[in-house]
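K.L.:
My questions all concern the structure below.
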Amino acid sequence: MKTSETEISIRGLHKSFGDNEVLRGIDLDVAAGEVVCVIGPSGSGKSTLLRCVNLLEEPTKGQVFVGGTEVTDLDVDIDAVRRRIGMVFQQFNLFPHVTAVENLTLPQRRVLRRGKEEAARVARENLVRVGLADKADAYPAQLSGGQQQRVAIARALAMGPEVMLFDEPTSALDPELVGDVLAVMRMLAAEGMTMMVVTHEMSFAREVADRVVFMDEGRIVEEGPADRVVGDPQHERTRHFLTRILDPAAAEPPGEGS
């Protein structure tokens with residue numbers, strides 16, 4: 001359930017890689033229980049923004065707060081903060097030499113110091129949540145890409161996060177495998193999980209997101225309710241991007257793409 005409490009707060013965020021300024025002054029709040037989808041062209045800074053939230057990328061300037069704790073404070077216990085944040089990447093990053101259930105138990109035991117039995121119980125509960133109870137003893141190579149991504153989501157959930165970050169979680173999947181992963185994310189949204197999702201899945205953004213943020217060239221160009229931003233964008237740059245995403249043929253000049 002979305003509340004008035006702010007779970008993620010980003011203020012004046014800048015990030016440069018050498019002379020390349022990727023983020024140019026981002027201000028963004030995400031309320032507890034809110035689902036915010038971040039869209040935009042490749043190279044617009046979406047993934048970098050997400051990675052700055054849990055300090056996988058260190059901002060050049062600005063502040064990030066998660067649950068009231070300043071992540072960008074030099075004295076922060078970043079490991080403690082990261083335990084509250086689950087992250088799912090484009091690639092699944094599963095350990096290939098252990099089973100699905102072991103992929104979930106190992107982080108719990110090493111990071112949370114849970115006992116073997118408790119970790120296994122939590123692992124199996126979360127495999128049930130993502131619809132993979134029957135794949136607990138399968139190795140990653142025995143699973144489809146969509147199943148591997150659902151294991152990766154279950155692994156993040158097993159750590160008990162307060163916030164989930166998704167960095168284009170379906171972009172590496174064959175189209176027919178995308179639906180099951182999005183269904184799990186819909187379930188989490190319905191349960192009230194605070195989520196920031198970088199995605200090109202416009203139907204998911206429109207259906208599930210409370211708010212959509214459109215980024216371009218390191219800045220937030222437009223943000224608002226999902227129906228308005230995706231269905232009736234106000235900014236010309238947003239309209240152009242969505243035209244290309246939703247109807248690529250319409251965006252191609254005559255004679256191209258044939």
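K.L.:
Let me know the volume per residue of the alpha-carbon convex hull for segment 130-258, in Å³. Walk me through the numbers before you get to the answer.
P.N.:
Values: hull volume 18.0 nm³, N = 129.
Taking only Cα atoms, segment 130-258 has a hull volume of 140 Å³ per residue.
K.L.:
Quick check for the chain: number of Lys pairs with alpha-carbon distance under 25 Å, counting only pairs 8 or more apart or on different chains?
P.N.:
Values: Lys2/Lys46; Lys15/Lys46; Lys15/Lys61; Lys46/Lys61; Lys116/Lys135.
The number of close lysine pairs in the chain is 5.
K.L.:
Going by amide H atoms built from the backbone, whose H comes under 5 Å of the H on Gly224, apart from near neighbours?
P.N.:
Distant-sequence amide H within range of Gly224: Val212.
K.L.:
Specify the inter-centroid distance of segment 105-163 and segment 46-103, based on alpha-carbon positions, in whole Å.
P.N.:
Taking the Cα centre of each part, segment 105-163 and segment 46-103 sit 18 Å apart.
K.L.:
Hey, another quick one. Rounded to the nearest 500, what is the chain's calculated 222 nm mean residue ellipticity when only DSSP H runs of at least 4 contribute -39500 (n - 2.57) each, over all residues? The partial results should precede the final answer.
P.N.:
On the way: 10 runs with 93 residues, N = 258.
Per the formula, -10500 deg cm²/dmol.
K.L.:
Which Rg and Dmax, in Å, describe the Cα atoms of segment 62-146?
P.N.:
Radius of gyration, then largest Cα-Cα span, for segment 62-146: 15.5, 45 Å.
K.L.:
Using a 1.4 Å probe on the protein chains only, how many percent of the accessible area of the chain belongs to carbon and sulfur?
P.N.:
Numbers: 5580 of 12150 Å².
Answer for the chain is 46 percent, counting heavy atoms of protein chains only.
K.L.:
Take the Cα gyration tensor of the chain, multiply each eigenvalue by 5, square-root it, and list the three semi-axes largest first, rounded to whole angstrom.
P.N.:
Working: eigenvalues 186, 112, 54 Å².
In descending order, the three semi-axes are 30, 24, 16 Å.
K.L.:
Between Ala133 and Arg113, what is the FRET efficiency for a Förster distance of 30 Å, r being their Cβ-Cβ separation, to the nearest 0.05? Write down the numbers at each step before the final one.
P.N.:
Details: r = 26 Å, r/R0 = 0.85.
The calculated FRET efficiency here is 0.70.
K.L.:
May I ask you to give the solvent-accessible area per residue for the chain, in square angstrom, as obtained with a 1.4 angstrom probe? If you can, show how the numbers build up before the last one.
P.N.:
On the way: 12150 Å² over 258 residues.
Here the per-residue accessible area is 47 Å².
K.L.:
Let me ask something additional. Using only the Cα atoms of segment 40-82, construct the convex hull and provide its projected area averaged over every direction, in square nanometres to one decimal.
P.N.:
Values: hull surface 13.4 nm².
With the hull built on Cα positions only, its mean projection is 3.4 nm².
K.L.:
What's the angle, to the nearest 10 degrees (0 to 90), between helix 145-157's Cα axis and the longest principal axis of the chain?
P.N.:
Helix 145-157 and the main axis of the chain meet at about 70 degrees.
K.L.:
Using alpha carbons only, what's the Rg to Rh ratio of segment 1-101 with Rh from Kirkwood? Show your work: numbers first, answer last.
P.N.:
Details: Rg = 14.9 Å, Rh = 14.9 Å.
Computed over Cα atoms, the ratio is 1.00.
K.L.:
Looking at the chain only, what percent of DSSP beta bridges run antiparallel? Nearest 5 please. Spell out each step's value before the answer.
P.N.:
Values: 21 of 38 bridges.
That works out to approximately 55 percent antiparallel.
K.L.:
Counting pairs of alpha carbon atoms under 8 Å apart in space and at least six apart in sequence, what relative contact order in percent does the chain give?
P.N.:
Rounded, it is 24 percent for the chain.
K.L.:
Further question: Would you pull out the residues with amide H under 5 Å of Val88's amide H, same chain only if 5 or more places away, H placed 1.01 Å from N?
P.N.:
Residues meeting the amide H criterion: Leu165, Phe166, Asp167.
The values are calculated or read from the model by the stated rules, or taken from the named source; none is laboratory data. Keep in mind the model is a prediction, meaning the values are calculated, not measured. Methodologically, a virtual Cβ is constructed for each residue, glycine included, from the backbone with ideal geometry; neighbour enumeration extends over all protein chains shown. Note: areas computed on protein heavy atoms with side chains; ligands, DNA, RNA excluded. Shrake-Rupley method; radii C 1.70, N 1.55, O 1.52, S 1.80 Å.
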